[in-house]
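Working notes, beginning with the structure itself.
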Number of protein chains: 2
Amino acid sequence: MLPRGRARALGAAALLLLLLDPGSVPCAPTPCVSPGGRPRGAAAVDGDPPAHRGGHSRSDCVPPRPPLPKCELLHVAVVCAGHNSSRDLVTLVKSVLFYRKNPLHFHLVTDATARNILEMLFHTWMVPAVRVSFYDAEELKPQISWIPNKHYSGLYGLMKLVLPGVLPPDLARVIVLDTDVTFASDIAELWALFAHFSDEQVIGLVENQSDWYLGNLWRNHRPWPALGRGFNTGVILLWLDRLRQAGWEQMWKLTAGQELLTLPSTSLADQDIFNAVIKEHPGLVQPLPCVWNVQLSDHTLAERCYSEAADLKVIHWNSPKKLRVKNKHVAYFRNLYLTFLEYDGNLLRRELFGCPSPPPSGAKQLQQALAHLDEEDACFEFRQQQLMVHRVHVTFLPHVPPPGRPHDVTLVAQLSMDRLQMLEALCRHWPGPMSLALYLTDAEAQQFLRFVEASAVLSARQDVAYHVVYREGPLYPVNQLRNVALAQALTPYVFLSDIDFLPAFSLYDYLRASIEQLQLGSEQKAALVVPAFETLHYRFSFPSSKAELLALLDSGALYTFRFHEWPRGHAATDYVRWRQARTPYRVQWAADYEPYVVVPRDCPRYDPRFVGFGWNKVAHIVELDAQEYELLVLPEAFTIHLPHAPSLDISRFRSSPTYRDCLQALKDEFHQDLSRRYGAAALKYLTALQQPRGA
Amino acid sequence: MLPRGRARALGAAALLLLLLDPGSVPCAPTPCVSPGGRPRGAAAVDGDPPAHRGGHSRSDCVPPRPPLPKCELLHVAVVCAGHNSSRDLVTLVKSVLFYRKNPLHFHLVTDATARNILEMLFHTWMVPAVRVSFYDAEELKPQISWIPNKHYSGLYGLMKLVLPGVLPPDLARVIVLDTDVTFASDIAELWALFAHFSDEQVIGLVENQSDWYLGNLWRNHRPWPALGRGFNTGVILLWLDRLRQAGWEQMWKLTAGQELLTLPSTSLADQDIFNAVIKEHPGLVQPLPCVWNVQLSDHTLAERCYSEAADLKVIHWNSPKKLRVKNKHVAYFRNLYLTFLEYDGNLLRRELFGCPSPPPSGAKQLQQALAHLDEEDACFEFRQQQLMVHRVHVTFLPHVPPPGRPHDVTLVAQLSMDRLQMLEALCRHWPGPMSLALYLTDAEAQQFLRFVEASAVLSARQDVAYHVVYREGPLYPVNQLRNVALAQALTPYVFLSDIDFLPAFSLYDYLRASIEQLQLGSEQKAALVVPAFETLHYRFSFPSSKAELLALLDSGALYTFRFHEWPRGHAATDYVRWRQARTPYRVQWAADYEPYVVVPRDCPRYDPRFVGFGWNKVAHIVELDAQEYELLVLPEAFTIHLPHAPSLDISRFRSSPTYRDCLQALKDEFHQDLSRRYGAAALKYLTALQQPRGA
């Protein structure tokens, strides 16, 4: 095997020298026609760079590219595990969608975390002509867990090897991408390179743009075998059915097994194994032009690729240092990356021209519902906003589900950028799990990410789940946001709060003790009320006990919540009774009552028709009361509202001339629904609604 | 002339029928080669749409495109007048820059407003390989003011006609664009179409995609003459030297003059005249593929163009309704437009690969200065931020310069998104001119625009100038922002304020009277101090007189500014004396004194080394004192600070562990500069600095 192997290696090396010259574009055996119709060898066009020392004149030789059939479906596979890779995948997908003109089918090999995130994301994104299939990475582990891997990608870094077996058997070809890749061109051009494969070639790869596989990086550096510099597996054209026919599974397992007899592990995960196989079978590989995988690690030699080519197609940040790599042109690449990182994903929801495809699930009904709206309706914006399906990225940051403590409670709230500063304080007041929905643009989501990373307090907490709901539409979808946060809560109970409130330091433990004591949920269908207060003072010393709070109340440093403008919101809590109370006491529902409550997680959702501001919590308490939840006020619980300038969203809302009328219309419709569902019992709320309002 | 003209018209019409079929791509006389190397007439490729009824099979005929010489300089001309067109131009330029790979030279015909804005913008933008030349629209008016024009573009809408005479005589060819155009492709592809011109053709245009010129839109509708549907002048390829040789000036003047004998005016500005000339001389025009000017007005027939083509190149919003036009695919186009509207312009500051060009003015020194910074320096971010040149768009919204009232004062301040709500209150308190710098991203700038448009209070004010300084870098460049606002003030005096302060209702008039009385500037070198107060109460009734303010002070509803945390900031104002004072009184500078003052506009600038927060105003007052401005406190003036949550910027700043040390380093350097400039007089400040700080 060795002499043949060596000869083959030499031949391959020679081939590589000719073909992998980063500046040249490989020519297929068919006659070349230059872009201007000039035959090969003709005089160079003005301004062309001089012929490369490899012997080819780059400018006068471009193989004819048969155009792809219009609307051909392109397949892309990515292995993606964990919260951070999921975010990277989104940026990759945005860059692909930006330039693409073909329908796409993404095949995602994911762990439970990534699946959770990406399934919800694509479902709510509703991009036309995009289909997504998920494959459980957990199930694949046995196939590769026998391979020791030192690379930080762990077992997931080995999974590309098993794609031919995992992907559907009728799928002939696929592009495989790492998550740290950004497109700067139409992916159809990459797919078109399949046409250059000779009959024996089964895998398309770009040369590895570092000296790693040359083996001379340090003393005792022993990389896996490879042809010359080897190939980088960040971007792969996989001819799946040929691979299957060629017995790929046996091939790589045999090779890997052999190498592991002398090497302790892989260093670069599946890339090492691909290269070892290719070294033995060089005829398998079709080298791709370097512009399709411009690698930006520290040791990169990528500059040889693009210092002459003006046309970079795909950027690959193959370094843990990512944007901090030192590379002469990194500013250019970083700008490209940032473009897509912050790009408004809603803008990618566009139809493909001339490629009709079935609408994404839910899109058709949505369009019909929207089409039925009357644009002349004064409350058109309200109706429209209610129907909108917002793109949602759950657990945007690393999050560890709570450990299953008994009677555990998740604090649930929603916010936007202007309240980020409340997060640290909230973390200091509430040591338990939280589920928070954030209404952000793509660009704000990146700012938020940096904010959390820069905060010691926030970074330390793994039990606070942040769910990004992407902004769209003119009105604030407050109840949709609350519902997202509520749906993502993972404990049996939830504390339904607002972002401007700081709970008593003792509240978390006290709630859990109360839940246990009252046997909330199992024996007792109730909503536990946490009395709400407010301070008007900008600087304020938070009371550490009920007694302290009462003293502040008496001194006028604190008030019951909205005491001055709208006491009806919380009067039914009966603060006078609360002062003396030592045990939980029941209160009756009253019109406009909107307390902060603790309920079992399977409580009714918030009504999404209430967008903007006004009555969005009231409706929920009405629903709870209609479903016969008892309202029990806790004697030692309290939460305090801090003052803040009105948000831009709320100012915009209140300046709208129509909002009052529209709010009334929404209330009326809500009550009609109530009547339908609860019959005579709903009368109580209707009567209350019709009473004249106090000051 | 008529028979020949008619024959010519018929011939041209026939030509048009063949060529202007929106789906077809015109073929030049040279042999066509299909993209796959197949000769014309060969079998269609799989998936190609059926042959168009025009007789050509679109797919099998693409004229060979000789590639442009690498790095060829491309010229683009735009007529741009007023604030709103200037904003539109920026979006156009962003879309061009996004896709371009060639050096560009923009030729802008502007009024004073647009020139003001765009000169500053391009100068601070510092995009490599972009050159900008300005041409005064005012000077061109006499050449076209004799033409009555009903179109909303007024005289500016006629100026394209005179471009051959206005642009440099050695400029051979130029692309002319309207400001309401967005690119979705590389402008070099458009430039390459010059190669298709026959020797007689001098102007490339796309067919007008509406029925306007067919003349049958309503009874008595009399459009200007045109060939068939005529051409749209939103995108023009002008072969300038051929136009000059052909006697263009005479040609269009003659034609226009003749038509105006029977038509009262133009309706579509210079487009009408271009069409009339072309009707008489059809051989002048090279029709361009419709994808280069997809017109999106209400009457558009653009769908005939792109319902088959998947490759739109340029979108033209040629309707005053802009994004509200009703068009089946408007969502697609709007998304493209929004992409660039909100795109971070900083990301376009990238070098062109392989096309070395002289760096923009100022860029070289900036790069050298940045290169000299020590990355290991703990205060690296501070140094870096100070050196940064931020992109600036002055007068972002329509603004009318103040009328030259005597002793007029401009309120000067800076802010970011989180303080937008202060603007309406500020407008209610200050009826005079304002110059405000806003630190925003491109996306925030659009939100800001909508915010002002939706506010009756803000829209009503034409004397408030908003200058957008685009965010870049981690630290808040507070003094750079103040300097922008200060430099843009147009009155002889300025009131240097902060955004969280609301001035007394009477302050504007009172300041002007005081300035007159004290003869500030001419006789008296002074800074007039406006005493600063603060309320800690979220809800607060603003005092309408000094007496009311004193009552609030006495009752504890108001305090002197930062009374609790940092009284040294304003103690030197001597509030005790102020209570009784009836005439202005002099105070002495004291360490850390940072009052709000009124000074002549030509006062010293703020020191830009102070980024982030801390000492940025103190240093300015030190400078004023060093330059011997007397500090005079005004007895009837006051301004009150409203409480607000700390901004994200300030929280980030204060959480930085290094900021205190770096601030100290900056102060030390400031004092060294002072010593250099003022010698022994600077000792006073140094001594004060070294005193131990009180609580």
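The values are calculated or read from the model by the stated rules, or taken from the named source; none is laboratory data. This is a predicted model, so every value here is computed, not measured. Counting neighbours? That spans all protein chains shown, and the Cβs are built from the backbone with ideal geometry, glycine included.
Out of the residues in the stretch A:620-655 that are aromatic (Phe, Trp, Tyr) and under 30 Å from A:Glu669 (Cα atoms), state the one that is farthest from the other protein chains (Cβ to nearest Cβ).
A:Tyr629
Within the stretch A:531-551, the set of residues being of a type outside the set (A, V, I, L, M), closer than 15 Å to A:Glu636 by Cβ and outside any loop (DSSP other than H, G, I, E, B) comprises A:Phe533, A:Lys546, A:Glu548.
Where helices (runs of 4 or more DSSP H) fall entirely within the stretch B:322-407, those with at least 1 residues that are at pLDDT 90 or above are at B:330-341.
Within the stretch B:397-415, is there a residue that is within 12 Å of chain A (Cβ to nearest Cβ) and out of contact with any strand residue (DSSP E or B) (no Cβ under 6 Å at 6 or more places or on another chain)? Checked the stretch B:397-415: no residue is within 12 Å of chain A (Cβ to nearest Cβ) and out of contact with any strand residue (DSSP E or B) (no Cβ under 6 Å at 6 or more places or on another chain).
All conditions in (1) assigned to a helix (DSSP H, G or I); (2) out of contact with any helix residue (DSSP H, G or I) (no Cβ under 7 Å at 6 or more places or on another chain) hold for A:Leu243, with the sole exception of (2).
Candidates A:Gly556, A:Gly614, A:Gly569: the one that is in contact (Cβ under 8 Å) with a residue 24 or more places away in the chain, among the small types (Gly, Ala, Ser) and under 23 Å from B:His537 (Cβ atoms) is A:Gly569.
Cβ-Cβ distances below 7 Å connect the following pairs, each with a first residue in the stretch A:151-174 that is over 18 Å from A:Trp239 (Cβ atoms), a second residue that is at pLDDT below 95 and of a type in the set (Lys, Arg), and a separation of six or more residues or different chains: A:Leu155/A:Lys141. At least 2 residues being over 15 Å from the mean Cα position of the chain (by Cα) and aliphatic (A, V, I, L, M) is the threshold, and among the helices (runs of 4 or more DSSP H) wholly inside the stretch A:73-187 those reaching it are A:82-99, A:137-144, A:163-166. Scoring B:Ala114 on the criteria (1) farther than 15 Å from B:Trp239 by Cβ; (2) small (Gly, Ala, Ser); (3) touching a residue at least 60 places away in the same chain (Cβ under 8 Å) leaves a single failure, condition (3). Checking each residue in the stretch A:416-436 for being outside any strand (DSSP E or B), within 22 Å of the chain's Cα centre (by Cα) and within 14 Å of chain B (Cβ to nearest Cβ) picks out A:Met417, A:Asp418, A:Arg419, A:Leu420, A:Leu423. For the stretch B:424-435, name all the residues that are buried (at least 23 other Cβ atoms within 10 Å of the Cβ) and closer than 18 Å to B:Ser647 by Cβ. Passing the criteria: only B:Leu426.
Within the stretch A:442-449, one or more residues are within 11 Å of chain B (Cβ to nearest Cβ), closer than 28 Å to A:Cys662 by Cβ and surrounded by 19 or more Cβ atoms within 10 Å (Cβ to Cβ). Flag not set for A:Trp146, criterion: out of contact with any Cys (no Cβ under 6 Å at 6 or more places or on another chain) and at pLDDT 95 or above. The criterion of being away from every other protein chain (no Cβ under 11 Å), surrounded by 18 or more Cβ atoms within 10 Å (Cβ to Cβ) and out of contact with any Phe, Trp or Tyr (no Cβ under 7 Å at 6 or more places or on another chain) holds for B:Gln386. Looking at the stretch B:154-164 only, could you name the residues that are in contact with a Leu (Cβ under 9 Å, 6 or more places away or on another chain) and among the small types (Gly, Ala, Ser)? Matches in the stretch B:154-164: B:Gly157 only. Screening B:Ala378 on (1) buried (at least 17 other Cβ atoms within 10 Å of the Cβ); (2) in contact with a Ser or Thr (Cβ under 9 Å, 6 or more places away or on another chain); (3) away from chain A (no Cβ under 14 Å) shows it passes everything except condition (1). When A:Arg450, A:Arg461 are checked against the criterion of being within 30 Å of B:Tyr343 (Cα to Cα), charged (D, E, K, R) and not in a strand (DSSP E or B), A:Arg450 stands alone in meeting it.
Comparison of B:Arg579, B:Arg601, B:Arg586, B:Arg539 shows that the only residue that is charged (D, E, K, R) and within 29 Å of B:Val484 (Cα to Cα) is B:Arg601. Restricting A:Ile273, A:Ile236 to residues that are assigned to a helix (DSSP H, G or I), touching a residue at least 12 places away in the same chain (Cβ under 8 Å), closer than 30 Å to A:Tyr337 by Cα and more than 14 Å from chain B (Cβ to nearest Cβ) narrows the list to A:Ile273.
Checked against the criterion of being crowded, with 18+ Cβ neighbours inside 10 Å, within 22 Å of B:Gly154 (Cα to Cα), touching a Ser or Thr at 6+ places or on another chain (Cβ under 9 Å) and at pLDDT 95 or above, the candidates B:Val277, B:Val235 yield just one match: B:Val277. Anything in the stretch A:336-367 that is at positive phi and either more than 8 Å from chain B (Cβ to nearest Cβ) or touching a helix residue (DSSP H, G or I) at 6+ places or on another chain (Cβ under 8 Å) (or both)? List them, or say none. Selection gives A:Gly362 alone.
Here B:Ser522 passes the criteria (1) modelled with pLDDT of 95 or more; (2) surrounded by fewer than 22 Cβ atoms within 10 Å (Cβ to Cβ); (3) hydroxyl-bearing (Ser, Thr, Tyr); (4) not in a helix (DSSP H, G or I) except the one numbered (1).
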